[in-house]
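Asks: Take this structure, written in structure tokens, and hold onto it; I'll ask about it next.
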Amino acid sequence: MKNTIEKNVLVDVKGNRTYSGVLEGYDVYLNLVLKNANEMINGEVRGMHNRILVRGDNVIFVSPSKGDEQ
Amino acid sequence: MKNTIEKNVLVDVKGNRTYSGVLEGYDVYLNLVLKNANEMINGEVRGMHNRILVRGDNVIFVSPSKGDEQ
Amino acid sequence: MKNTIEKNVLVDVKGNRTYSGVLEGYDVYLNLVLKNANEMINGEVRGMHNRILVRGDNVIFVSPSKGDEQ
Amino acid sequence: MKNTIEKNVLVDVKGNRTYSGVLEGYDVYLNLVLKNANEMINGEVRGMHNRILVRGDNVIFVSPSKGDEQ
Amino acid sequence: MKNTIEKNVLVDVKGNRTYSGVLEGYDVYLNLVLKNANEMINGEVRGMHNRILVRGDNVIFVSPSKGDEQ
Amino acid sequence: MKNTIEKNVLVDVKGNRTYSGVLEGYDVYLNLVLKNANEMINGEVRGMHNRILVRGDNVIFVSPSKGDEQ
Amino acid sequence: MKNTIEKNVLVDVKGNRTYSGVLEGYDVYLNLVLKNANEMINGEVRGMHNRILVRGDNVIFVSPSKGDEQ
């Protein structure tokens, strides 16, 4: 995860939610802070969050966006 | 989160609940205290809470309202 | 929460349950003891409890009743 | 809860279960031991348990029966 | 529970499962070891287990069989 | 469980999954390592795993296969 | 699991998700890092992840791919 800081990530969240944005920070519970995060629910865009804290226990996976992974 | 104290936040909660209000406090479990919180369930306004403590394990995300994030 | 002791609170609980009564006590897990608590399930009154201990992990929120918050 | 030992209690449990009986003991997880407990599932009597240990994480609330609370 | 060792017990388990057999052992999580355990799912007999370890977090209750409780 | 190492076991897992194979190891969370494990989902064979690590929190029960229990 | 590092694994995840890729790392919670991971949801290919961190509490099992287990 360390190499992913300040990189674009895709995050799948329980309840058919997906967030894509820049990973600003995370902790051991996988609580995530994203910047400029696009939110999709059931495949439909719900909106943009300039900054968002996603609670870790909802996270299914975190994946660096293609071109941004190392 | 520290910068978000006394700022407006949007909180998504399991069970299709959304709370928007002023963040008064939080702890490590993401228990949140909101002031002047508007409550929506399934997209419909349920009411206002002058003050409300939301138990952290229900929280999906916390996002500063636009114009209030840093 | 400290200021809410002996005040009227509204408590939303998972499973479409709502309890309103006087908060007698609570602990760090948000286990709550209410006095003269009115119980509603799916919006219908189920009954009154002179005293009730609600297990914290079921709690969604605790909100002081209007006029009783500080 | 201490005052409730040896008193009649009503216990709501996840999965539409209700137990009413004499509270013999409990622990910090709200594991409960009841004596002469009547079991109802979905509002129908399932049977009597001379003694029953209910695992705490299933408990929604414990309430002293009217006339037995202090 | 100590008095229930080597006694017949009825165990209700999440997912409409019921096990009845001789309690050989248990631990603080309510992990249970049963001997000669009869398994029912949705009220239908599924089979017998000479020995079975039931993981505690699935347990709803443990009740000594009538005639075997103390 | 100690006597069950290197014995055949039947494991019921949440989500209507069943694994039967040789128990190679386990830990306190009931994480299990099985060898030559047959996997069934909803009563249908899905396949064989030469080796499989089942995460403990999904386990409902572990039972030695008949003839292999002690 | 140690022998599985840098090997191909199949991972079943709650919500009918399956990931197959090279196991780069894991921790005690069974958080997994996979490389070149193929993602399937409900039996349909969703896509490829060059790298993906799967949160452990979603994992049902990890199984080395045939030919890669030891």
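Asks: How much accessible area does B:Glu24 have with a 1.4 Å probe, in Å² rounded to the nearest 10?
Replies: About 50 Å², ignoring ligands and nucleic acids.
Asks: Given labels modelled 7 Å from the Cα in the Cβ direction, how far is it in nm from E:Glu44 to D:Lys66?
Replies: Going by the 7 Å Cα→Cβ label model, 4.3 nm.
Asks: Please check which bits of the range B:1-15 a label hung off A:Lys35 would reach, taking the label as a point 7 Å along Cα-to-C-beta and the cut-off as backbone N under 19 Å.
Replies: Within reach of a label on A:Lys35: B:1-5.
Asks: Here's another thing I want to ask about it. Looking at chain C, what % of the alpha carbon pairs are farther apart than 14 Å?
Replies: 53
Asks: Let me ask something additional. Report ³J(HN,Hα) in whole Hz for each residue of the range A:32-40, in order, from the Karplus equation J = 6.51 cos²θ - 1.76 cosθ + 1.60 where θ = phi - 60°; Gly and Pro get x.
Replies: 10, 10, 10, 10, 6, 8, 8, 10, 10
Asks: Report Rg(Cα)/(2.2 N^0.38 Å) for the range F:13-52, keeping two decimals.
Replies: 1.15
Asks: Also, quick follow-up: How high is the relative contact order of the range B:2-64, given as a whole-number percent (alpha carbon pairs under 8 Å, six or more residues apart)?
Replies: Worked out over the range B:2-64, it gives 34 percent.
Asks: Using each residue's phi in the range D:49-62, evaluate 6.51 cos²θ - 1.76 cosθ + 1.60 at θ = phi - 60° and report the 3J(HN,Hα) Karplus result to the nearest Hz, with x for Gly and Pro.
Replies: With coefficients 6.51, -1.76 and 1.60, one gets 10, 4, 8, 8, 9, 9, 6, x, 6, 8, 6, 9, 8, 10 Hz.
Asks: I'd like the accessible area for E:Leu53, computed on protein heavy atoms only with a 1.4 Å probe and all protein chains in place. Round to 10 Å², please.
Replies: Around 20 Å² of this residue is reachable by solvent.
Asks: Still on this model: Can you give the accessible area of F:Lys7 in Å² (nearest 10), computed on protein heavy atoms with a 1.4 Å probe?
Replies: 50
Asks: Tell me, what are the semi-axes, in whole angstrom and largest first, of the equivalent ellipsoid of the protein assembly as shown as set by the roots of 5 times the Cα gyration tensor eigenvalues?
Replies: Semi-axes (√(5λ), whole Å): 37, 37, 16.
The values are calculated or read from the model by the stated rules, or taken from the named source; none is laboratory data. Just so you know, these numbers come straight off a predicted model, no measurement behind them. Methodologically, a virtual Cβ is constructed for each residue, glycine included, from the backbone with ideal geometry; neighbour enumeration extends over all protein chains shown. Ligands, DNA and RNA are excluded from the accessible area calculation, which covers all protein heavy atoms including side chains. Shrake-Rupley method; radii C 1.70, N 1.55, O 1.52, S 1.80 Å.
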